[in-house]
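The values are calculated or read from the model by the stated rules, or taken from the named source; none is laboratory data. Keep in mind that what you see is a predicted model, and the values were worked out from it rather than measured. Cβ atoms come from the backbone with ideal geometry, glycine included; neighbour counts cover every protein chain shown.
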Amino acid sequence: MRIVTEKQLRHALARLCDQFPMSEEERTAFIEHHIMAGLRGNIMQGLGNIEYLWVRRFQEGRVRFGARFMTIVETSAGIVVDAGGMLGMLAGKRAMDLAVAKAKAAGIGVVWLRSTTDWGAGGYCVIQALPHACLGYALANSRPEVAPYGGIDMIFGHGNYCVAVPTKRHYPLLIDMAAVDCGGVKGQEDILTGRGLPAGVFIDENGNPITDASQWGSIGGYALPQGGQKMKSWKELCLVMSIEAMAGAMSGMSCALDLNTPEDPANDIRTPKGQMVMAINIAAFTPVEEFRTKIDRMIDQTKGGRPAPGFDEILVPGERGFRLAERQAREGIAYHERIWERAQSAWGRAGLDLEAIINETT
């Protein structure tokens, strides 16, 4: 394992940002997002994919620095905006800022995003609602690489589902997950770090199970020309189709197989997926402190239940990540050697020596 402190990672990210014409707002969002991902152990939406998702796109002009939101449709509680190829995590942050402003005026604020780049960890978007005593909610659809329950053809993406709920005594509830339980970015991490393939979810072009990680490629999820992953249940299909409707179709973007275009075409900085970002102003509907107390009580009741055989305790959404973030803030962020190699490659692509930069900061 390679251990780096939060301070070292922040310095390295700042040096990487120096290589590109980023505004202070863009730098801040990029660095904050990757610090959050690193501390919480969200490896593949942090350093594990930083070259593929960001450095390469920056160099090829497929992120438009300085982009501004363009309003397409607006009502008192909702707005559709074109992000114009904006840095994804900044687009999510700005969208939540807009949603919160509308929620303070109308109780609920909804922003639909068009033409964004990948926004990385959706949790970064929804936590922006918490300081404003709002619930944060966000959905995003994605390219087809998952077969629907009962099928073998890749028709849907994993579907990003994110919720942030404020509490009083406990960590906030934070859900940042794929709607389908079939590997996703966690599958990529498993392959890269030598843990192999998650059982029972990877299939070839004929629907036959794949158990050998070498059949899937070196990065997972993007390498097999035919085939992909499959849903395990009917509930997953229900969730994904609702996300396609609410994030894809409602934003004016595409759904299902109509998303089946490369995410990084050389002649286009935009992607055909859509996002929905929503804030709910708690005070508009119920007393905030009463709400927080009820959520804390629900958490107490959940954690006070008897653990099942094989479990030491019952964890609630976000708890593991918050605990890990606190520990890694004290002890340093741990990266598997294979992940660290990918990070070194990303900085190297930008003409930088990551190890030398890390050693500049103690």
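This table checks each residue for (1) loosely packed, with under 14 Cβ neighbours inside 10 Å; (2) touching a Ser or Thr at 6+ places or on another chain (Cβ under 8 Å); (3) at pLDDT 85 or above; (4) not in a loop (DSSP other than H, G, I, E, B).
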{"residue": "Leu174", "(1), (2), (3), (4)": "no, no, yes, yes"}
{"residue": "Met177", "(1), (2), (3), (4)": "no, no, yes, yes"}
{"residue": "Asp181", "(1), (2), (3), (4)": "no, yes, no, no"}
{"residue": "Asp190", "(1), (2), (3), (4)": "no, no, no, yes"}
{"residue": "Thr211", "(1), (2), (3), (4)": "yes, no, no, no"}
{"residue": "Tyr222", "(1), (2), (3), (4)": "no, no, no, no"}
{"residue": "Pro225", "(1), (2), (3), (4)": "yes, no, no, no"}
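Take the residues of the range 227-260 that are part of a loop (DSSP other than H, G, I, E, B) and among the polar types (S, T, N, Q): which is farthest from Leu113 (Cα to Cα)?
Only one residue tops the list, namely Ser233.
Please go through the range 123-157 and pick out each residue that is among the hydrophobic types (A, V, I, L, M, F, W, C) and assigned to a loop (DSSP other than H, G, I, E, B). Give the steps one after another, and end with the answer.
Going through the range 123-157, the residues among the hydrophobic types (A, V, I, L, M, F, W, C) turn out to be 125-127, 129-130, 133-135, 138-140, 146-147, 152, 154-156.
Hits for the range 123-157 are Ala133, Ile152, Met154, Ile155.
Please list, ordered by first then second residue, the pairs with beta carbon atoms under 7 Å, 6 or more apart or interchain, first in the range 295-308 and within 13 Å of Pro172 (Cα to Cα), second modelled with pLDDT of 95 or more and exposed (fewer than 11 other Cβ atoms within 10 Å of the Cβ).
Close Cβ pairs (under 7 Å, with a partner that is modelled with pLDDT of 95 or more and exposed (fewer than 11 other Cβ atoms within 10 Å of the Cβ)) do not exist here.
Restricting to the range 313-339, and then to whatever is modelled with pLDDT under 95 and part of a helix (DSSP H, G or I), can you tell me which residue is surrounded by the most Cβ atoms within 10 Å (Cβ to Cβ)?
Ile339
Condition test on Ile50, is it touching a residue at least 60 places away in the same chain (Cβ under 8 Å) and outside the structural domain of Gly157 (by TED's automatic domain parsing)? Talk me through it step by step, then tell me what you get.
On the way: touching a residue at least 60 places away in the same chain (Cβ under 8 Å): yes; outside the structural domain of Gly157 (by TED's automatic domain parsing): yes.
Taking the combined requirement at face value, the residue satisfies it.
Specify which of the listed residues (Val316, Val277) is under 28 Å from Gly38 (Cβ atoms), of a type in the set (Val, Ile, Thr) and assigned by TED's automatic domain parsing to the domain that holds Ala106.
Numbers: Val316 fails: assigned by TED's automatic domain parsing to the domain that holds Ala106.
Going through Val316, Val277 in turn, the sole match is Val277.
Do we find that Glu360 is surrounded by fewer than 14 Cβ atoms within 10 Å (Cβ to Cβ), closer than 22 Å to Gln19 by Cα and touching a residue at least 24 places away in the same chain (Cβ under 8 Å) in this structure?
Values: surrounded by fewer than 14 Cβ atoms within 10 Å (Cβ to Cβ): yes; closer than 22 Å to Gln19 by Cα: yes; touching a residue at least 24 places away in the same chain (Cβ under 8 Å): yes.
Considered against the rule, which asks whether it is surrounded by fewer than 14 Cβ atoms within 10 Å (Cβ to Cβ), closer than 22 Å to Gln19 by Cα and touching a residue at least 24 places away in the same chain (Cβ under 8 Å), Glu360 comes out as yes.
Is it true that Ile50 is touching a Leu at 6+ places or on another chain (Cβ under 9 Å), surrounded by fewer than 23 Cβ atoms within 10 Å (Cβ to Cβ) and under 24 Å from Ile175 (Cβ atoms)? Break it down into steps so the answer makes sense when it comes.
Values: touching a Leu at 6+ places or on another chain (Cβ under 9 Å): yes; surrounded by fewer than 23 Cβ atoms within 10 Å (Cβ to Cβ): no; under 24 Å from Ile175 (Cβ atoms): yes.
No.
Please verify whether Leu257 is closer than 15 Å to Asp153 by Cα, modelled with pLDDT under 75 and in the same structural domain as Tyr161 (by TED's automatic domain parsing), treating the condition exactly as stated.
Numbers: closer than 15 Å to Asp153 by Cα: yes; modelled with pLDDT under 75: no; in the same structural domain as Tyr161 (by TED's automatic domain parsing): yes.
The answer is no for Leu257.
Would you say Ile175 is in contact with a strand residue (DSSP E or B) (Cβ under 9 Å, 6 or more places away or on another chain) and more than 14 Å from Leu135 (Cα to Cα)?
no
Hey, can you tell me all the residues within the range 64-81 that are loosely packed, with under 13 Cβ neighbours inside 10 Å and out of contact with any strand residue (DSSP E or B) (no Cβ under 8 Å at 6 or more places or on another chain)?
Gly66, Arg68, Thr75, Ser76
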